[in-house]
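Below is one structure, written out as structure tokens, with a few remarks after it.
The values are calculated or read from the model by the stated rules, or taken from the named source; none is laboratory data. Quick caveat: nothing in here was measured; it's all calculated off a predicted structure. Please note: Cβ atoms are built from the backbone with ideal geometry, for glycine as well, and neighbour counts cover all protein chains shown. Side chains are part of the model used for accessible areas, which takes the heavy atoms of the whole protein and leaves out ligands, DNA and RNA. Shrake-Rupley method; radii C 1.70, N 1.55, O 1.52, S 1.80 Å.
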Amino acid sequence: AQKVTQAQTEISVVEKEDVTLDCVYETRDTTYYLFWYKQPPSGELVFLIRRNSFDEQNEISGRYSWNFQKSTSSFNFTITASQVVDSAVYFCALPFSGGYNKLIFGAGTRLAVHP
Amino acid sequence: GAGVSQTPSNKVTEKGKYVELRCDPISGHTALYWYRQSLGQGPEFLIYFQGTGAADDSGLPNDRFFAVRPEGSVSTLKIQRTERGDSAVYLCASSPEGVPYNEQFFGPGTRLTVL
């Protein structure tokens, strides 16, 4: 079965703190992709990153970084020096088996960054 | 360029009524997806179109739900005999092709409330 688990329902931090959002997945595929999306209060899902399963290098984009570990089936997301604008719901997602991009999403982690 | 648009942004209807939700994908995107997002949950897949045809409708909850994409561009999600449990945000997404490595571009959603 394919599944995405985001165990943290809500996280609250103060601005400038670092925060890590966890994502654990299950898949029967040997090669696959993983995604993170951000859903700000406006509601529109915004793509953040795509990672393929055969590249385990960590990725950094500004204050955002991602740690992919195939051995533990985890794809965690860290925001360094968080800002109020980072407040949103963050979703981890995995395509279903089948050759096209039908996504299964985790339940999401609501991040609140306070001034 | 223009992103994915969805109309209406909000729809309130009474139990038993028929509703249509419209999605305008990004021009040139052949893949179109409908998802449903209940409060506090991640989006759940409903149906995938590749061009004009529904390649996968396995997520439609029952035969009250139907979707079309007659010219391979605009899509309409149709719900007959609405029930209170249909209340949710309906999200549309498009991508250049229906392949696992393509990011999906999401619209702002239609919030459906069934009274």
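Is it the case that B:Ser75 is of a type in the set (Gly, Ala, Ser) and more than 15 Å from B:Gln104 (Cβ to Cβ)? So B:Ser75 does not fit the description; no.
Scanning the stretch B:11-34 for residues that are open to solvent by less than 30 Å² (accessible area, probe 1.4 Å) and either among the polar types (S, T, N, Q) or not in a loop (DSSP other than H, G, I, E, B) (or both) yields B:Thr13, B:Val19, B:Leu21, B:Cys23, B:Ala31, B:Leu32, B:Tyr33, B:Trp34. Go through the stretch A:21-46 and give me each residue that's hydrophobic (A, V, I, L, M, F, W, C) and within 15 Å of A:Phe75 (Cα to Cα). A:Leu21, A:Cys23, A:Val24, A:Leu34, A:Phe35, A:Trp36 - these are the residues of the stretch A:21-46 that are hydrophobic (A, V, I, L, M, F, W, C) and within 15 Å of A:Phe75 (Cα to Cα). Selection of the stretch A:55-67 for residues being crowded, with 17+ Cβ neighbours inside 10 Å and within 16 Å of B:Glu103 (Cβ to Cβ) yields only A:Trp66. Of the residues making up the stretch B:54-66, those that are touching a residue at least 12 places away in the same chain (Cβ under 8 Å), within 14 Å of another protein chain (Cβ to nearest Cβ) and in a strand (DSSP E or B) are B:Ala54, B:Ala55. Close contacts from the stretch A:20-36, counting a first residue that is more than 19 Å from A:Asn58 (Cα to Cα) and a second that is charged (D, E, K, R) and surrounded by fewer than 19 Cβ atoms within 10 Å (Cβ to Cβ), with Cβ to Cβ under 9 Å and a gap of 6+ residues or different chains, come to A:Glu26/A:Lys3; A:Thr27/A:Lys3. In summary, A:Gly98 fulfils each of the numbered conditions (1) out of contact with any strand residue (DSSP E or B) (no Cβ under 8 Å at 6 or more places or on another chain); (2) closer than 20 Å to B:Tyr48 by Cα; (3) open to solvent by 40 Å² or more (accessible area, probe 1.4 Å) with the single exception of condition (1). For the stretch A:91-114, filtered to residues that are at pLDDT 95 or above and not aliphatic (A, V, I, L, M), the residue that is farthest from B:Tyr35 (Cα to Cα) is A:His114. Within the bounds of the stretch A:68-75, is there any residue that is surrounded by 20 or more Cβ atoms within 10 Å (Cβ to Cβ) and away from chain B (no Cβ under 12 Å)? Checked the stretch A:68-75: at least one residue is surrounded by 20 or more Cβ atoms within 10 Å (Cβ to Cβ) and away from chain B (no Cβ under 12 Å). Being within 11 Å of chain A (Cβ to nearest Cβ), surrounded by fewer than 17 Cβ atoms within 10 Å (Cβ to Cβ) and in contact (Cβ under 8 Å) with a residue 24 or more places away in the chain holds for only one residue in B:Gln50, B:Gln41, B:Gln37, B:Gln80, and it is B:Gln50. Do we find a residue being facing another protein chain (nearest Cβ under 10 Å), in a loop (DSSP other than H, G, I, E, B) and either among the aliphatic types (A, V, I, L, M) or closer than 16 Å to A:Val19 by Cα (or both) anywhere in the stretch A:76-90? Among the residues of the stretch A:76-90, not one is facing another protein chain (nearest Cβ under 10 Å), in a loop (DSSP other than H, G, I, E, B) and either among the aliphatic types (A, V, I, L, M) or closer than 16 Å to A:Val19 by Cα (or both), which makes the answer no.
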